[in-house]
Amino acid sequence: MERKKQGMILLKVLKSGIVAWILLVLVWRFGAAFYTDDFLPGPWVTLKGAAALVADGALGTDILVSLLRVIKGWLLGLIFAIPVGLLIGNFKTAGYIFEPFLNFFRFVPAIGFITLFLLWFGVGESSKVALIFYAVIFPVMVNTIAGVRSVDEALIEASESLGANKARTFFTVVVPSAVPNIFTGVRLGLSGAITCIVAAEMLAASEGVGYLIYTSRLYYRTDWIFTGIFTLGIIGFIADKLLQLVGRKWLCRFAVR
Amino acid sequence: MYIELKNINKSFGNFKASQDVSFGVEKGKLVALLGPSGSGKTTILRMLAGLEHQDGGDIYIDGKLVNDVSVQDREIGFVFQSYALFPYLTVAGNIAYGMKIKKKSRQEIEEKVKYLLNLVGLPGLESRYPDQLSGGQRQRVAFARALATEPQLLLLDEPFAAIDAKVRKELRRWLKELIEEVGVTSIFVTHDQDEAVEVADELIITNEGRVEQIGTPFDIYRNPKTPFVAQFIGESVILRDYEYEKIRGYKKQEGASSAAIRPEFVKVVPADSDVEYPNGYMDGVVAHADFRGSNLELTVEVNGLELKAEYVLDEKGLKKGDPVKVFVSRLYTFDEKNAYTVINSSLQTGEIYYI
Ligand SMILES: Nc1ncnc2c1ncn2[C@@H]1O[C@H](COP(=O)(O)OP(=O)(O)OP(=O)(O)O)[C@@H](O)[C@H]1O
Ligand SMILES: [Mg+2]
């Protein structure tokens, strides 16, 4: 009895993923012992560096600014990519015309467009948002299209035999059936947005987590680079968890898991 | 005729899924399309629903030519083999789907949903989702959904195929009663003979895209008209090359070289029994005896032939090697095109004798 209980607790601890974190810190600490703080700062040094950044408010501002950009680019991307994906998935002709673009550009990473976007959209916010937008739309479109195309044909026929026309069937059968795939696209889009924030903020930015990482190299503040990296990871981790939570709560009827 | 198909043809590429299919269904009847897998049953049903379009021929519903009427406007209830319930809608949402399209009032929809759920024996399950139902319950919801729009014709594609054997039997009877109560003309597809015979008023036997025979279950069972039907219905033993001549009471029929013999027409008694038509019986030996609960399934050897028979268990029973007397009361001979019912001649003379 007692042993079983202990086993259960152990399993819970394992499942929480905490082991990975402990392992990471241990290896990091061990590795850092062999190098200078400028080359590879240890956890403690990084934490102190981070504390300094938090204290003067810089990190808070950076996070806020980056988040705002991510959310802007991501939302704009969703607003564009979901409807377009639905249309391409639903109408064969649209598919023939637009899918080649999709299958071409989705292999060109956002980072390849940095200079061009700077040129086209200027040094202000729009170039950064545009870059994130670009990173978001492809995973969202590809997944949305896949979702539409995997709709159970029998459901469509059932809807039509009950008297629904094409448009009604589209909104009451095709779209709801595609929700799980669309949601996967939305999640991938978010991770794409966060991943590309560093690239976006390398372009003439003066604030943001990406800016922090990029400029810290100029001062040899390796601990700040580490701080930035962890911040990004944590932001992504939390954002995805939140999104999953929202999905489970509001979209469970569409079999989102 | 309420439903009428005239010379329907349909090909998928080079493959002819329907060949010159013609039949009619009277209003209020429950008809089964029965045939082996791939014989074109679903194709016929889908063309009737307007989900598929025939290459040639006409379909009439209630006297109206519907060739160019779309699925949406055919007013047909279709129950899919996989049920095709909308997983993201509740039971009530599913049943209401068609009524909402018809712009029924909220109150009317609510009442109808309630009425239908009572009718199909699932009261109170309005707010469940399909994945919270058993297979049989989903089937019933699919049925209620199809009936909700008061279709002029109900089509069911293998409605019980995905349900386990025991529940299936219950559902069959339930469906028959329900359809009678609602009074809707219905056609259902099945490849299960027992199901077709038990449920349908009339059978349409399909084979390789053609209609082989149409008739009441009794009629088709007693008098198969084509070689296919003679062999397909029941669990017949097939004899070739005029072998049936070796059975006492049957003469060679020129042209019809094959015969189908069903176990229920083969009477077997222990060798020492008294029998009614002694000159119709042959001497034989039990080759196999399989216990089937209430009866024995026998294979008997008679004049070099192996025949199957059912034997109702009495006190003695029979076992392998026992000598028996065997009487074949009827069989079906057939040639390339037609099947004929032949009665044992000693029975016929017997009748004359005793009258
Ligand atoms: N869309 C299609 N494209 C190509 N061939 C098809 C199509 N639909 C049906 N067929 C073919 O037509 C034939 C008849 O199919 P159908 O589904 O009507 O048979 P069925 O009698 O319903 O069989 P089952 O009992 O297995 O459901 C089959 O050989 C099938 O392969
Ligand atoms: Mg079928």
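When only residues in segment B:35-60 that are farther than 15 Å from B:Gln81 by Cα and among the hydrophobic types (A, V, I, L, M, F, W, C) count, which is nearest to the other protein chains (Cβ to nearest Cβ)?
My answer is B:Leu48.
Residues being away from ligand 1 (no atom under 14 Å from the Cβ) and open to solvent by 10 Å² or more (accessible area, probe 1.4 Å): count how many of those fall in segment B:185-199.
In the first step, residues of segment B:185-199 are kept if they are away from ligand 1 (no atom under 14 Å from the Cβ); the result is B:185-186, B:194, B:197-199.
Adding the requirement that they be open to solvent by 10 Å² or more (accessible area, probe 1.4 Å) leaves B:194, B:197-198.
Residues meeting the conditions: 3.
Quick one: what pairs do we get from segment B:26-55, first residue at negative phi and among the acidic types (Asp, Glu), second within 12 Å of ligand 2 (Cβ to nearest atom) and not in a loop (DSSP other than H, G, I, E, B), C-beta under 8 Å, 6+ apart or different chains?
B:Glu52/B:Thr43; B:Glu52/B:Arg46
Would you check if there is a residue in segment B:77-99 being farther than 27 Å from A:Ala178 by Cβ, more than 25 Å from the chain's Cα centre (by Cα) and not in a helix (DSSP H, G or I)?
No, that holds for no residue.
Listed residues A:Val136, A:Val175, A:Val179, A:Val151; which is of a type outside the set (S, T, N, Q) and more than 14 Å from every other protein chain (Cβ to nearest Cβ)?
After applying the criteria, what remains is A:Val136.
If B:Asp55 meets every condition in (1) within 16 Å of ligand 1 (Cβ to nearest atom); (2) of a type in the set (Asp, Glu); (3) within 19 Å of A:Arg168 (Cβ to Cβ) apart from one, which number is that one?
Of (1) within 16 Å of ligand 1 (Cβ to nearest atom); (2) of a type in the set (Asp, Glu); (3) within 19 Å of A:Arg168 (Cβ to Cβ), only one is false for B:Asp55: (3).
Could we say that B:Thr226 is on the phi < 0 side of the Ramachandran plot and open to solvent by 30 Å² or more (accessible area, probe 1.4 Å) here?
No, not satisfied.
Please go through segment B:58-94 and give me each residue that is open to solvent by 30 Å² or more (accessible area, probe 1.4 Å) and within 15 Å of ligand 1 (Cβ to nearest atom), ordered by number.
B:Gln81, B:Ser82
Can you tell me which residue in segment A:83-114 is nearest to A:Ser150 (Cα to Cα), limited to those that are open to solvent by 70 Å² or more (accessible area, probe 1.4 Å) and not hydrophobic (A, V, I, L, M, F, W, C)?
Looking at residues that are open to solvent by 70 Å² or more (accessible area, probe 1.4 Å) and not hydrophobic (A, V, I, L, M, F, W, C), I get A:Lys92.
Please go through segment B:37-57 and give me each residue that is open to solvent by 40 Å² or more (accessible area, probe 1.4 Å), within 16 Å of ligand 2 (Cβ to nearest atom) and part of a loop (DSSP other than H, G, I, E, B), ordered by number. It would help to see each step written out before you state the result.
Step one: filter segment B:37-57 for residues open to solvent by 40 Å² or more (accessible area, probe 1.4 Å), giving B:37-38, B:42, B:46, B:52-53, B:55.
Narrowing further to those that are within 16 Å of ligand 2 (Cβ to nearest atom): B:37-38, B:42, B:46, B:52.
Residues satisfying the conditions are B:Ser37, B:Gly38, B:Glu52.
Given the criteria assigned by TED's automatic domain parsing to the domain that holds B:Gln54 and without any contact (Cβ under 8 Å) to a residue 12 or more places away in the chain, does B:Asp219 qualify?
Spelling it out, B:Asp219 is indeed assigned by TED's automatic domain parsing to the domain that holds B:Gln54 and without any contact (Cβ under 8 Å) to a residue 12 or more places away in the chain.
May I ask you to list the residues in segment B:276-291 that are in contact with a helix residue (DSSP H, G or I) (Cβ under 6 Å, 6 or more places away or on another chain) and open to solvent by less than 20 Å² (accessible area, probe 1.4 Å)?
B:Gly280
What number of residues within segment B:151-178 satisfy the criterion of being more than 14 Å from the chain's Cα centre (by Cα) and not in a helix (DSSP H, G or I)?
8
Can you tell which of B:Glu306, B:Glu310 is among the charged types (D, E, K, R), at pLDDT 85 or above and buried (at least 17 other Cβ atoms within 10 Å of the Cβ)?
Only one candidate qualifies: B:Glu310.
Quick check on my filter: what residues within segment B:118-131 are within 14 Å of another protein chain (Cβ to nearest Cβ) and more than 31 Å from the chain's Cα centre (by Cα)?
Listed by number, the residues that qualify are B:Ser127, B:Arg128, B:Tyr129.
Which residue, of B:Ser294, B:Ser273, is open to solvent by 20 Å² or more (accessible area, probe 1.4 Å), farther than 30 Å from B:Glu195 by Cβ and in contact (Cβ under 8 Å) with a residue 12 or more places away in the chain? Break it down stepwise before answering.
Numbers: B:Ser294 fails: farther than 30 Å from B:Glu195 by Cβ.
Exactly one of B:Ser294, B:Ser273 is open to solvent by 20 Å² or more (accessible area, probe 1.4 Å), farther than 30 Å from B:Glu195 by Cβ and in contact (Cβ under 8 Å) with a residue 12 or more places away in the chain, namely B:Ser273.
Only helices (runs of 4 or more DSSP H) wholly contained in segment A:1-95 count here; list those with 3 or more residues that are outside the structural domain of A:Phe117 (by TED's automatic domain parsing).
Correct list: A:2-15, A:18-32.
Listed residues B:Leu171, B:Leu125; which is at pLDDT 90 or above and more than 16 Å from ligand 2 (Cβ to nearest atom)?
So the residue among B:Leu171, B:Leu125 that is at pLDDT 90 or above and more than 16 Å from ligand 2 (Cβ to nearest atom) is B:Leu125.
In segment B:246-257, what count of residues is obtained for those that are in contact (Cβ under 8 Å) with a residue 12 or more places away in the chain, closer than 21 Å to B:Thr226 by Cα and open to solvent by 10 Å² or more (accessible area, probe 1.4 Å)? Lay out the reasoning, then the answer.
Restricting attention to segment B:246-257, the residues satisfying the condition of being in contact (Cβ under 8 Å) with a residue 12 or more places away in the chain are B:246-251, B:253, B:255-257.
Pick out the ones that are also closer than 21 Å to B:Thr226 by Cα and you get B:250-251, B:253, B:255-257.
Narrowing the set further to residues that are open to solvent by 10 Å² or more (accessible area, probe 1.4 Å) leaves B:250-251, B:253, B:255, B:257.
Count: 5.
For segment B:181-279, which fully contained strands (runs of 3 or more DSSP E) count at least 1 residues that are within 16 Å of ligand 2 (Cβ to nearest atom)?
Hits in segment B:181-279: B:185-190, B:202-207, B:210-215.
Name every residue in segment A:110-126 that is in contact (Cβ under 8 Å) with a residue 24 or more places away in the chain and touching a helix residue (DSSP H, G or I) at 6+ places or on another chain (Cβ under 9 Å), in order of residue number. Spell out how you get there, then give the answer.
If we filter segment A:110-126 for residues that are in contact (Cβ under 8 Å) with a residue 24 or more places away in the chain, which is where we start, we get A:110-111, A:114, A:117-118, A:123, A:125.
Within segment A:110-126, A:Ala110, A:Ile111, A:Ile114, A:Phe117, A:Leu118, A:Glu125 qualify.
List every residue pair whose Cβ atoms sit under 6 Å apart, with the two residues 6 or more apart in sequence or on different chains, where the first one lies in segment B:72-83 and is more than 7 Å from chain A (Cβ to nearest Cβ) and the second, anywhere, is in a strand (DSSP E or B).
Short answer, once both residue conditions are applied: B:Gly77/B:Leu154; B:Val79/B:Leu156; B:Gln81/B:Asp157.
Looking at the structure I just gave you, is B:Ser22 of a type in the set (S, T, N, Q), within 16 Å of ligand 2 (Cβ to nearest atom) and away from chain A (no Cβ under 14 Å)?
no
Could you look through segment B:143-162, keep only residues that are open to solvent by less than 10 Å² (accessible area, probe 1.4 Å) and within 16 Å of ligand 2 (Cβ to nearest atom), and pick out the one that is nearest to B:Met47 (Cα to Cα)?
Filtering segment B:143-162 for residues that are open to solvent by less than 10 Å² (accessible area, probe 1.4 Å) and within 16 Å of ligand 2 (Cβ to nearest atom), the one nearest to B:Met47 (Cα to Cα) comes out as B:Leu155.
The values are calculated or read from the model by the stated rules, or taken from the named source; none is laboratory data. Keep in mind that what you see is a predicted model, and the values were worked out from it rather than measured. Quick reminder, even Gly has a Cβ in these numbers, built from the backbone with ideal geometry, and neighbours come from all protein chains shown. Heavy atoms of the whole protein, side chains included, go into the accessibility calculation; ligands, DNA and RNA do not. Shrake-Rupley method; radii C 1.70, N 1.55, O 1.52, S 1.80 Å.
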